């Protein structure tokens, strides 16, 4: 059974748009295996973020069905974590306290937080160490670089040990060197913990380096027009991004995106 299963999903944002047949995404059918890392790319406004809202249960489909972990999605999911382009760390809380926040507010952890605080703190500290933030637990967000803040944000999304991590342009605001360093952090965390990842990105190199499968979305209304398996061997290091095999895949994806932007028609495979 697929861990994520979309069957003919359509979404209009309100009844008026639904009656007019104006959809944000249309006819989305997708199966993601347990532990799979997928990336979604496409032009701005194509519906990538809408797809994320559907996957987390923040939006219900107008038509079609969604199952996550074998269960129908009927509301916001507790088995997922999410990180955005802006880290959104609370400035009055230390790095450690920011990472602990989901455990303080989400059940079943909330009711156990006081009794298990030492255990939860140890879990958070281990996560921070795994992304190179050991020793920064007591620092405040304004004492961290942008890359450090994003690392902390990803740790916050993972501290409750979700089965699925959703990333919406998480590295888009960072410089190229920091971005590549965080690719490697994410690669290692996912290989260790085996959680599912759905990554929305405009960076084609990022999608090819990290993902098992890349999906290309059309112009709005968004629909998947290409599913590209990334057959590069794992574990991948940054040197692979300079190989002809890697570059060929990036150019192939870029060709599809370019065709969508110009005509709305996908380049034949």
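Only the coordinates and a few stated rules stand behind these numbers; no lab work does. No experiment lies behind these values; they were computed from the predicted model shown. Cβ atoms come from the backbone with ideal geometry, glycine included; neighbour counts cover every protein chain shown.
Quick look at the numbers
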{"quantity": "Residue among 187, 110, 156 with the largest mean-square fluctuation in a Gaussian network model of the chain, springs linking Cα atoms under 10 Å", "calculated": "110"}
{"quantity": "By average C-beta atoms within 10 angstrom, highest first, the peptides 162-171, 141-150", "calculated": "162-171, 141-150"}
{"quantity": "Nearest-ten-degree value, helix 146-158 long axis tilted from longest Cα axis of the chain", "calculated": "90"}
{"quantity": "In nm, spacing of pseudo-spin labels at residue 33 and residue 58 (7 Å Cα→C-beta vector)", "calculated": "2.9"}
{"quantity": "Potential extension, residue 191-residue 254 segment - 0.36 nm per residue separation minus Cα distance", "calculated": "20.0 nm"}
{"quantity": "Peptide ranges 234-243, 67-76 listed from the most packed, as the mean C-beta count within 10 angstrom indicates", "calculated": "67-76, 234-243"}
{"quantity": "Nearest 10 degrees, 0 to 90: helix 117-130 Cα axis against the chain principal axis", "calculated": "60"}
{"quantity": "Backbone N within the range 61-82 under 18 Å of label point (7 Å from residue 107 Cα along the Cβ vector)", "calculated": "74-80"}
{"quantity": "Principal-axis tilt of helix 95-105 within the chain, Cα atoms, nearest 10 degrees", "calculated": "70"}
{"quantity": "Residue list for the range 71-85, given a label point 7 angstrom along the Cα-to-Cβ vector of residue 161 and an amide N cut-off under 15 Å", "calculated": "79-81"}
{"quantity": "Along each principal axis, Cα extent of the range 1-138, largest first, Å", "calculated": "53, 31, 28"}
